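Student: Questions regarding the structure given below will be posed in turn.
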Amino acid sequence: MSSTAGKRKEIYKYLAPWPLYSMNWSVRPDKRFRLALGSFIEEYNNKVQIISLDEDTSEFSAKSTFDHPYPTTKIMWIPDSKGVYPDLLATSGDYLRVWRAGEPDTRLECVLNNNKNSDFCAPLTSFDWNEVDPNLVGTSSIDTTCTIWGLETGQPHARVYVAGHVKTQLIAHDKEVYDIAFSRAGGGRDMFASVGADGSVRMFDLRHLEHSTIIYEDPAHTALLRLAWNKQDPNYLATVAMDSCEVIILDVRVPCTPVARLSNHRPVHPRDSVSADYDQNQNKKLMTNCTQHS
């Protein structure tokens with residue numbers, strides 16, 4: 001055999017039929033190398049596509065494509081590494097939607113909307129699915145709130161269904177909330193943090209929601225757009241500020257003072273920053289237009 005025999009391809013490419021804004025890997029063990037992709041089309045009608053890798057041909061192929069109102073601000077598969085839950089993925093935009101994956105048809109299981117008394121919706125900027133308890137999903141919104149949803153499954157008429165209810169909703173920030181993420185600290189189920197337009201990182205405990213802890217505040221009150229917890233050590237988390245080239249590393253044991261600033265990124269050229277304007281401009285469109293489609 002030659003020295004190249006048996007070597008596998010290391011870079012895989014897939015060209016989607018439209019610009020992409022969001023994506024997420026499935027962790028289900030019986031669905032290896034599967035991705036969900038969300039389109040960025042500046043109109044109401046967008047798409048979500050599920051693709052998977054054919055390990056024999058080393059090529060990605062589309063398994064399912066379905067319509068989605070507005071671009072998805074986030075896509076996430078259920079964090080089910082053992083394959084014991086239904087094969088679900090969720091998307092955020094005007095509302096939180098839960099879908100059941102299928103080939104070729106992916107069907108909508110439920111639309112989760114906590115704003116029952118108004119014709120207007122408060123667009124969702126992001127969400128997170130609790131890894132320890134996949135029955136919990138948290139969403140962040142431009143209306144300054146975070147909502148924790150409880151999912152339920154049942155089997156009426158021999159068909160498994162998915163529904164959801166609000167476990168709690170809280171005013172998390174003084175301005176828009178841009179991201180939410182569950183932590184593995186304290187058992188991994190009840191702790192979560194959020195960031196928003198007021199420039200703060202705040203940590204909450206579902207068992208004691210009357211209090212929150214401000215972990216960090218940007219000195220110039222610049223909006224913080226995203227955050228992520230360290231998967232190995234829940235004492236650490238990272239966040240990024242709007243129009244900044246730095247990633248800020250925080251230690252919850254030492255509030256308000258970053259332990260590191262990672263500044264190896266470079267500014268994005270304005271022509272390449274389509275998605276950078278999305279968070280604010282698209283949310284305005286959602287707030288203005290979703291009434292007629294809700």
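Student: Hand me the GluC sites (Glu not before Pro) from the stretch 1-98 located in a DSSP loop with no more than 13 other Cβ atoms within 10 Å, in residue order please. Don't skip to the end; give the middle numbers.
Tutor: Working: sites: Glu10, Glu42, Glu43, Glu55, Glu59; in loops: Glu10, Glu42, Glu43, Glu55.
When the GluC sites (Glu not before Pro) of the stretch 1-98 are filtered for loop state and at most 13 Cβ neighbours within 10 Å, Glu10, Glu42, Glu43, Glu55 remain.
Student: Here's a follow-up. Can you tally the net charge around Pro29? Count Lys and Arg as +1, Asp and Glu as -1, for every other residue whose Cβ sits under 13 Å from the Cβ of Pro29.
Tutor: On the way: positive: Arg28, Lys31, Arg32, Arg34, Lys82; negative: Asp30, Asp80, Asp87.
Counting the neighbours of Pro29, the net charge comes to +2.
Student: Once the Cα gyration tensor of the stretch 152-264 is diagonalised, what are the square roots of 5 times its eigenvalues, in whole Å and ordered largest first, as equivalent ellipsoid semi-axes?
Tutor: Numbers: eigenvalues 181, 47, 43 Å².
The answer is 30, 15, 15 Å, longest axis first.
Student: Starting from the stretch 1-89, pick out the chymotrypsin sites (Phe, Trp or Tyr not before Pro) whose DSSP state is loop and whose Cβ has at most 12 other Cβ atoms within 10 Å. Write out the running numbers ahead of the final one.
Tutor: Details: sites: Tyr12, Tyr14, Tyr21, Trp25, Phe33, Phe40, Tyr44, Phe60, Phe66, Trp77; in loops: Tyr12, Tyr14, Phe33, Phe40, Tyr44.
Passing both the DSSP loop test and the Cβ count: Tyr12.
Student: How large, in Å, is the stretch 228-269 by the Kirkwood hydrodynamic radius built from its alpha-carbon pairs?
Tutor: Numbers: mean 1/r = 0.0905 Å⁻¹.
In the stretch 228-269 this quantity evaluates to 11.1 Å.
Student: Separate question: Evaluate the charge dipole of the stretch 42-187 about its Cα centre and quote only its size in Debye, nearest 20, assuming +1 on the Cβ of each Lys and Arg and -1 on the Cβ of each Asp and Glu. Don't skip to the end; give the middle numbers.
Tutor: Working: 12 positive and 22 negative charges, 109 e Å.
Rounded to the nearest 20 debye, it is 520 debye.
Student: Let me make sure I get this right: for the stretch 207-250, a, b and c are the square roots of the gyration tensor eigenvalues over alpha carbons, sorted descending. Under 1.5 in a/c it's rounded, otherwise prolate if a/b > b/c, else oblate. Which is it? Don't skip to the answer; put the middle values down first.
Tutor: Details: a/c = 2.57, a/b = 1.29, b/c = 1.99.
Since a/c reaches 1.5 but b/c is at least a/b, the shape of the stretch 207-250 is classed as oblate.
Student: How would the stretch 13-110 be classified by its alpha-carbon gyration tensor: rounded, prolate or oblate, with rounded meaning a/c under 1.5 and the a/b versus b/c comparison settling the rest?
Tutor: Numbers: a/c = 1.97, a/b = 1.20, b/c = 1.64.
Oblate, since a/c reaches 1.5 and b/c is not below a/b.
Student: Among rounded, prolate and oblate, which fits the stretch 27-80 when a ≥ b ≥ c are the square roots of the eigenvalues of its C-alpha gyration tensor, a/c under 1.5 means rounded, and a/b larger than b/c means prolate?
Tutor: Working: a/c = 3.25, a/b = 1.70, b/c = 1.91.
Since a/c reaches 1.5 but b/c is at least a/b, the shape of the stretch 27-80 is classed as oblate.
Student: OK, next. Cα-based Rg of the stretch 173-234 per 2.2 N^0.38 Å, rounded to two decimals? Mind showing how you got there, number by number?
Tutor: Values: Rg = 11.5 Å, N = 62, 2.2 N^0.38 = 10.6 Å.
With N residues counted in the stretch 173-234, Rg over 2.2 N^0.38 Å equals 1.09.
Student: Looking at the calculated P(r) for the stretch 62-151, what percent of the C-alpha pair distances fall above 17 Å?
Tutor: On the way: 1950 of 4005 pairs.
The share of Cα pairs beyond 17 Å in the stretch 62-151 comes to 49 percent.
Student: Another question, then. Given the pairs Lys63/Lys231; Lys47/Lys231; Lys9/Lys47; Lys9/Lys63; Lys82/Lys175; Lys9/Lys74, which span a C-alpha to C-alpha distance of over 27 angstrom in this model?
Tutor: Working: Lys63/Lys231 30 Å; Lys47/Lys231 31 Å; Lys9/Lys47 29 Å; Lys9/Lys63 21 Å; Lys82/Lys175 38 Å; Lys9/Lys74 29 Å.
Result: Lys63/Lys231; Lys47/Lys231; Lys9/Lys47; Lys82/Lys175; Lys9/Lys74 exceed 27 Å.
Readers should treat all values here as calculations from the given coordinates under stated rules, not as data from a laboratory. Predicted, not measured: the structure shown is a model, and the values here were computed from it. FYI the Cβ positions are ideal-geometry reconstructions off the backbone, even for glycines, and counts take in every protein chain you see.
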